[in-house]
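Taking it in order: structure first as structure tokens, then the write-up.
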Amino acid sequence: MSSVVIPRLRAGEAIQLLADHARRLGEGTTADYLVDTSRISTDDPGAGPLPDSQQVDAWREAIVARLTGFDLRTKEGRDGYGMELGRAIAEVIDPIGSDASHDGVWSYLSLRVLPDVVLARWPGETIVGELRLPADRWIGAQSGNQDRSYLKQSWRRWQILGPVMVDADPLFGEAEFAAMLGRPSLARDQRLIRQAATAILSYGAGQPGGRSEFARKFMALIAARTGSMLLDILSDEELRDFVEEEASSIVRSRARRGV
């Protein structure tokens, strides 16, 4: 875990800085000029020690070094970029729980430390001559919209799924992540989600609609089955057997219907 408190931005600061970034990018500024690791601030001075700019620079350099060689014009490249980004944040910064739950932390990382990383994936669009960056992807809930912060989302996916993501071929995409992690009651159970992801890889590829459609139906079934079950009492082996039985039941049902 990180030994320092990650700096934070207040919602008003994040909204204004995002607008400034969009304006500057629209005027031709390159993304690396948006990086500013010298401004270290937080809305909770008593939370603990803050990093100095050298440490923040080290975070940035280590993360950016891992994000080379991805063709973001392709789905494969975008999926790989997101996975490696999440792993890098987890291994390089390793946020503590109180930091990870604070929207201002992710806005700080997006806008001051890794704006070029976010821009590469979410460059926005020009409307009536004005560049508009997708606020939900840059600053998440601080935008007043749905919390879809790209950095937070990438980190969270790696935290929950971890090495299972690496085993996927092709890598998990947005539809599969939505199916697996879209229900908070399930996403909180890391053991269950990892077993479910493994089952999706094992059973989903050959099913009608492919893995994403199988994942959608499978996770809906898991949610219905586990509503009254206390999964914590199951051993890892028992949980694996439960998940695999539910996955195979979908395959058997389709086979009987000839689908």
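The values are calculated or read from the model by the stated rules, or taken from the named source; none is laboratory data. Computed from a prediction, not measured in an experiment: that's the story for all the values here. Here Cβ is always computed from backbone atoms with ideal geometry, including for glycine, and neighbour counts include all displayed protein chains. We work out accessible area using only protein heavy atoms, side chains counted, and drop any ligands, DNA or RNA first. Shrake-Rupley method; radii C 1.70, N 1.55, O 1.52, S 1.80 Å.
With an 8 Å cut-off on Cα pairs and a minimum separation of 6 or more residues, tell me the relative contact order of segment 184-258 in percent. Value for segment 184-258: 35 percent. Can you list the residues of segment 92-119 with backbone N under 11 Å from a point 7 Å past the Cα of A65, pointing along Cα to Cβ? No residue qualifies, since no backbone N sits under 11 Å from the label point. Computing the accessible area with a 1.4 Å probe over protein heavy atoms, can you report the carbon and sulfur percentage for the chain? Carbon with sulfur: 49 percent of the solvent-accessible area. Take each peptide in 86-98, 202-214, count the other Cβ atoms within 10 Å of every residue, and average; sorted highest first, the result is 86-98, 202-214. Backbone phi angles across segment 234-241, fed through the Karplus curve with coefficients 6.51, -1.76 and 1.60 (θ = phi - 60°), yield HN-Hα couplings of 7, 6, 4, 5, 5, 5, 4, 5 Hz in residue order; Gly and Pro are listed as x. For segment 106-149, averaging the sequence separation of C-alpha pairs within contact (under 8 Å, six or more residues apart) and dividing by the residue count gives a relative contact order of 31 percent.
Under a point-charge model restricted to the Cβ atoms of Lys and Arg (+1) and Asp and Glu (-1), what is the dipole moment magnitude of the chain relative to its Cα centre, in debye to the nearest 20?
900
Residues in segment 65-78 carry Karplus couplings, in order, of 4, 8, 9, 9, x, 9, 8, 6, 7, 10, 4, 4, x, 5 Hz; the curve used is 6.51 cos²θ - 1.76 cosθ + 1.60 with θ = phi - 60°, and Gly or Pro positions show x.
How would segment 70-154 be classified by its alpha-carbon gyration tensor: rounded, prolate or oblate, with rounded meaning a/c under 1.5 and the a/b versus b/c comparison settling the rest?
Judged from the Cα gyration tensor, segment 70-154 comes out oblate (a/c at least 1.5, b/c at or above a/b).
Computed extension length for D232-K75: 52.9 nm, one decimal, from 0.36 nm per residue of separation with the Cα-Cα distance subtracted.
Relative to the current alpha-carbon distance between S249 and S41, full extension at 0.36 nm per residue lengthens the span by 69.6 nm.
Amide H to amide H, with H built 1.01 Å from N, S149 comes under 5 Å of G140, A141, counting only residues 5 or more places away or on other chains.
Couplings for segment 10-21, taken from phi via the Karplus curve 6.51 cos²θ - 1.76 cosθ + 1.60 with θ = phi - 60°, read 6, 4, x, 5, 5, 4, 5, 5, 4, 5, 5, 4 Hz in order; Gly and Pro are left as x. Using the Cα gyration tensor of segment 46-116, with a ≥ b ≥ c the square roots of its eigenvalues, what is the shape: rounded (a/c below 1.5), prolate (a/b larger than b/c) or oblate (neither)? It comes out prolate by the Cα gyration axes.
Ranked by the mean number of other Cβ atoms within 10 Å per residue, highest first, peptides 133-139, 118-124 order as 133-139, 118-124.
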